[in-house]
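Here, each number is a calculation from the coordinates, and none is a lab measurement. The shown structure was predicted, so the numbers you read here are calculated from the model rather than taken from an experiment. Cβ atoms come from the backbone with ideal geometry, glycine included; neighbour counts cover every protein chain shown.
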Amino acid sequence: MAAEITPSEYRALAELRYRIRHFLREGDAKARAVGLEPQQYLLLLAIRGLPEGSEATIQTLAERLALKHHSLVELVDRLETHGYVRRTRSRDDRRRVFVSLTLRGERLLEQVARNRISELRSSGETLVGAIEALLERKQHSGNNTKKSRRGMREQSA
């Protein structure tokens, strides 16, 4: 049977959601301040921040941003028009399109990202605290389970 959710867990969950929403809202404002729509900033960030070994294809980027293929293509179109990204077709498979940042796009992304990283470094402890509060019970219950198993083994010996 699942353990009852405690009032402190509800508070921690609410605090986590509040902190995440605040961080995202502030990020949207910082993106707009440099002339980017939030989705445009997220696409630039997704391209630059792909996991090592991943390729910035339309398909991969659509997945990373949870967008449909055609929506991502429209977003790339707008960024390409502004000179922030460029498209190149694969030599092996002309259907595969890669998206990369231009120097202009890199500079714009860096302006916003630098601010976001700075904010996380200065106020990220509250976000981490909310996550830790939610994980704390799991860790305690895991320790209690280990102790109770050990006690049962000792009794049977």
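Only helices enter this figure: runs of n ≥ 4 DSSP H residues, each worth -39500 (n - 2.57), summed and divided by the residues of the chain, yield -25000 deg cm²/dmol at 222 nm to the nearest 500.
For region 1-103, trypsin sites (Lys or Arg not before Pro) are listed when DSSP marks them as loop and at most 15 other Cβ atoms sit within 10 Å of their Cβ; the list is Lys68, Arg91, Arg94, Arg95, Arg96. Exposure here means at most 16 other Cβ atoms within 10 Å; with GluC sites (Glu not before Pro) in a DSSP loop as sites, the longest stretch of the chain lacking them is 56-157.
Out of these labelled values of mean projected area of the Cα convex hull in nm², (1) 8.2; (2) 9.1; (3) 14.9, which was calculated from the coordinates shown here? Working out mean projected area of the Cα convex hull in nm² from the coordinates points to (3). Centroid-to-centroid, using Cα positions, region 85-125 and region 1-67 are 15 Å apart. Taking θ as phi - 60° and the Karplus parameters 6.51, -1.76 and 1.60, the scalar couplings of region 30-37 work out to 5, 5, 4, 4, 9, x, 10, 6 Hz in sequence order, x denoting glycine and proline.
For the pair Glu136 and Arg25 in one chain, pulling the backbone fully straight at 0.36 nm per residue adds 37.2 nm over the alpha carbon distance. Here the contact order of the chain, divided by its residue count and restricted to Cα pairs under 8 Å and six or more residues apart, works out to 26 percent.
Counting charges near Val99 (Lys, Arg +1; Asp, Glu -1) among other residues having Cβ under 9 Å from its Cβ returns a value of +1. For region 71-85, putting each phi into the Karplus relation 6.51 cos²θ - 1.76 cosθ + 1.60 with θ = phi - 60° gives couplings of 5, 5, 4, 4, 5, 4, 3, 5, 5, 5, 4, 7, x, 8, 9 Hz, in residue order, rounded to whole numbers and with x for Gly and Pro. Once backbone amide H atoms are built at 1.01 Å from N, Val85 has Glu80, Thr102 as its partners under 5 Å, excluding neighbours fewer than 5 places away on the same chain. Taking the Cα atoms only, what angle lies between the long axis of helix 103-156 and the longest principal axis of the chain, rounded to 10 degrees? Between helix and principal axis, roughly 20 degrees.
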